[in-house]
Each structure stands twice: as structure tokens, then as C-alpha cells.
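Novice: Can you keep this structure in mind? I'll have questions shortly.
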Amino acid sequence: MEERVQSLQEHRRKVEEKSAGDTERVTALFRDLRRRLEDLEKRVLREISGRAERISISIGDLEIKKKELSRKLRHIEELCNVTDPLTVLQESDTGDLCDTEDGDNEDRERHEKLLHDGGGLDVDGISHTLHTLSDIITEVNVSSYIQEAADILLDVNTAHNNLHISDDRKTVSRSDIDQNRPETPERFQYPQVMSSRSFSSGRHYWEVDVRGSTWWIVGMCYPSIDRGGELQSVIGYNNKSWGLYRNSDQYVVIHDSKVISLPTNISSNRVRIYLDYEV
């Protein structure tokens, strides 16, 4: 009888040690889960508030995703709000970890898998839930930011007479030969040229290959930019244009004659210009 009592006491001691270890481990996991949940919730709210008016998915689809996201957040909050982690371990067979008002058996099975062998917490289950939430956020993030590169053609009618425009209107180069184009109000009196395509809304980008030249300015402007030969007609030296300027190894960004210097170790031969018209 005494040996049995000792055996039971030893078994009890081992159970208590295991419970203490499980409590510490589960508490740490819940603490980390709560932190990740808070960070994730902030990201969701920030993304929704920042892009709610510009996402391309339909309002109906967005409402469905919002409801699904809210439901999943409630599920995780229920886990995070458990004061005694051992209570969760003792309920491994009850299936009461999640709200199944919609009869979602798949969610129930996934949350039941959070419990493993009557004492351990299935971290993979939590990771899967967080991964699902991240997928929803990613789906919102990629909501048609920019479609594709814009097809830009140069407008010969705006080109300075010392600029040579290729037949496909894709390339411009400085020329010592006067092109003898007619003088018009649209033509620049400074060696620069505009594109024939313009934008009045949305987000767009285009690329410029600048290889072979150590002096250039590329950028964008309003059509009302001055076409004269003074400095205020140059891209970036007025409040109607923005320009990236290179002179040898010097790179600067210019707008309204305000200059911001850039690093000198730029090695790329391509410049990509992004336009967010509303911003």
C-alpha cells in the first residue's frame, strides 16, 4: 500500500512538473500570439483605411472578406483571452475553442488541432491561422496598384530643333544639325521634348533607357509648362514639372528649382518613372 502511495505521489509530481512546463510554454506562445495579432490587426486597419477607396475588387467581395477576417480575429482573440492556458489543454475533446455559428466544420477541425496529445499546443495550427490572415491582407495589398508600363511616344511638335526624334518616336538624341521644324507655340526653345500621351488620373509608370549619355533630365510636367528658352522652362525648374537630372556622376531630383541630391554610385542605365496622379 505504501509503495502504491509513493508511486501515486511520484506520478503526481511528474504531472505537476509537466503541467508547469506546459503552462509556461503555452503562456509564452499566447503572449507571442497576442503580440502578432495586435501587429496584424494594425496592418489590416491601416491597409483598409488607406486603400479602401482605390481597391479594384467589388464592394461585395470586400464585405465578405471583411466578415471572414473579423470572424477569424474573434477566434484567435478567444484563445488569447484564456486566463489559464491549462484550461485549454483540458478542453481538448470539447471542441469549444471557436465560434461555429456558420457551421464551418473545417474551422472547427483546425482549432481542435491546436491541442495535441492532451498536453501540447499545436503551433502549426496557430501558424496556419495567421498565414490565412496574411493571405487576406496580401490579397487586399495587391489590389491593382499599377497595371503595366505605359506606352510613351515622343511628340515631335514639342521637340527642340536640335533634338533628333527616331522614326518610332521612342528615342531622342542631341544633334548639331538643325531639324528645321516649324516654329509653333508648342515647341520648346530649350533642348527638351514632351510625350504625346498624357494622363488625367490613376497610377502609371514608364521606363527610359539613358545609356550612352552622361547629361540628361527626365521627368514629367503639366502641359502648361513654359515653352520658352529661359531657365524656368526647363524640367524641374518650375512648379509645373518634376525632373531627375544627371551631370557626369552627379544625380539630383528637381522640382520648383528645389534640388535634392542623390547618391553618386548609381549604376543602372534605366530610369523608371512612377506617377500617382491623385497624390
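Novice: For Lys42, list the lysines whose Cα falls under 22 Å from its own Cα; do not include residues on the same chain fewer than 8 positions away.
Specialist: Counting by Cα, and skipping residues close in sequence, Lys42 has these lysines nearby: Lys65, Lys66, Lys67, Lys72.
Novice: Along the Cα→Cβ direction, 7 angstrom out, place labels at Arg74 and Ser19. What is the inter-label distance in nm?
Specialist: 3.3
Novice: I'd like to check one number: the per residue accessible area of region 209-279, probe 1.4 Å, reported in Å² as a whole number.
Specialist: 63
Novice: Still on this structure: Give the ranking of Tyr277, Tyr190 by solvent-accessible surface, highest area first, calculated with a 1.4 Å probe.
Specialist: Most to least solvent-accessible, the answer reads Tyr277, Tyr190.
Novice: While we're on this one: If each of Glu38 and Ser200 carries a label point 7 Å out from its Cα toward its Cβ, how far apart are those two points in nm?
Specialist: 4.9
Novice: Taking the Cβ of Thr264 as the centre, find all other residues whose Cβ is under 12 Å away and add up their charges (Lys, Arg: +1; Asp, Glu: -1).
Specialist: 0
Novice: Roughly how much of Asp168 is accessible, in Å² to the nearest 10, using a 1.4 Å probe?
Specialist: Here the residue's solvent-accessible area equals roughly 90 Å².
The values are calculated or read from the model by the stated rules, or taken from the named source; none is laboratory data. All figures in this text were calculated on a predicted structure; none of them were measured in a lab. Methodologically, a virtual Cβ is constructed for each residue, glycine included, from the backbone with ideal geometry; neighbour enumeration extends over all protein chains shown. Heads up: the accessible areas ignore ligands, DNA and RNA and are worked out on the full protein's heavy atoms, side chains in. Shrake-Rupley method; radii C 1.70, N 1.55, O 1.52, S 1.80 Å.
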